[in-house]
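Asks: This is the structure I have questions about; it appears just below.
FYI, it's all coordinate maths here, none of it is from the lab. Owing to the predicted nature of the structure, the values given are computational and were not obtained by experimental measurement. Quick reminder, even Gly has a Cβ in these numbers, built from the backbone with ideal geometry, and neighbours come from all protein chains shown.
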Amino acid sequence: MEVRVFPDAYGAALYTATLVETTITQLSSPVLGLATGGTMIPVYQHLVQFHRRGLRFEHVTTINLDEYVGLEPTDRHSYHAFMREHLFDHVDLSLDCRYIPSGAACDLTAACRAYDEILQAHPIDLQLLGIGVNGHIGFNEPADHLKPHTHVVELTEDTIRQNARFFDAEERVPTRAITMGLQSILFAKRIVLLAVGASKAQAVREAITGDIRTTVPASLLQLHPQVTFVLDEAAAQQL
Ligand code: GLP
């Protein structure tokens, strides 16, 4: 495991974006596993800048980690909308090479299985991750058991409270989500977890230096042979 600490969030996001850029330029058909959340916004801003300076996305496939259940892709709170706003609308990524779970599907079980088939067909070269204050990755919430494949999850009160800032009111945050499972995440060839700010310091410490436990899903990353934690000083303060 590699841990890179930067003086501030800007440096951490820029470094993360350069890792993505390297993957895009070095591989002929790169597959990126993408994440949402406030931490990722500056990473996507840098990638859009890189695109304006010539970085091409036309050969890239993207597979997002998760989506809220019950939100149509057109809903402005959906992760579909997040990705359009922060990345997809600004780069030359092909429309049929971007995948996000279908949170609005009538048959969620079928939607999960369909997503697993997409993952099987497109092994991820670089998986971007954020981390929840409770140690979740994707929407794999702390629990006694974690699921290997794509599944529907009940969000914890912690996560609903944390993510309420993106909604008009806490009551509007969906209580369920579809997320890629732990096996799918760990199957990525390389994983880069970006965490900034003091609110993430405890989760980061438990993920990096704690025992591997399902109650800290990010601690399972210790099992991966090529994982990089990219942190600012605030997120690294408990290491
Ligand atoms: C959501 C996403 C996670 C993300 C987390 C942290 O819960 N499902 O993938 O890591 O938010 O978000 P933020 O970066 O806004 O703290």
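Asks: Just add up the charged neighbours of residue 219: K/R +1, D/E -1, any other residue whose Cβ is under 13 Å from the Cβ of residue 219. Show your work: numbers first, answer last.
Replies: On the way: positive: 205, 213; negative: 206, 211.
Neighbourhood net charge equals 0.
Asks: Where a ≥ b ≥ c are the square roots of the eigenvalues of the C-alpha gyration tensor, would you call the range 1-94 rounded, which needs a/c under 1.5, or, failing that, prolate if a/b is larger than b/c, or oblate?
Replies: Working: a/c = 1.71, a/b = 1.25, b/c = 1.37.
Note, shape of the range 1-94 comes out oblate.
Asks: Against the globular-protein guess of 2.2 N^0.38 Å, express the Cα radius of gyration of the chain as a ratio, rounded to two decimals. Present the calculation step by step, with values, prior to reporting the outcome.
Replies: Numbers: Rg = 16.5 Å, N = 239, 2.2 N^0.38 = 17.6 Å.
That ratio works out to 0.93.
Asks: Calculated FRET efficiency, residue 2 and residue 94, Cβ-Cβ r, R0 30 Å, to nearest 0.05? Numbers along the way, then the final one.
Replies: Numbers: r = 32 Å, r/R0 = 1.05.
FRET efficiency, residue 2 to residue 94: 0.45.
Asks: Something else about it: When the helices in the chain are scored as -39500 (n - 2.57) per DSSP H run of 4 or longer and the sum is shared across all residues, what 222 nm value do you end up with, to the nearest 500 deg cm²/dmol?
Replies: Values: 7 runs with 73 residues, N = 239.
Rounded to the nearest 500, the figure is -9000 deg cm²/dmol.
Asks: Separate question: Using a ≥ b ≥ c from the Cα gyration tensor of the range 101-195 (square roots of the eigenvalues), is it rounded, prolate or oblate, where a/c under 1.5 gives rounded and otherwise the larger of a/b and b/c decides, a/b for prolate?
Replies: Numbers: a/c = 1.90, a/b = 1.29, b/c = 1.47.
Taking the square roots of the gyration eigenvalues as a ≥ b ≥ c, the range 101-195 is oblate.
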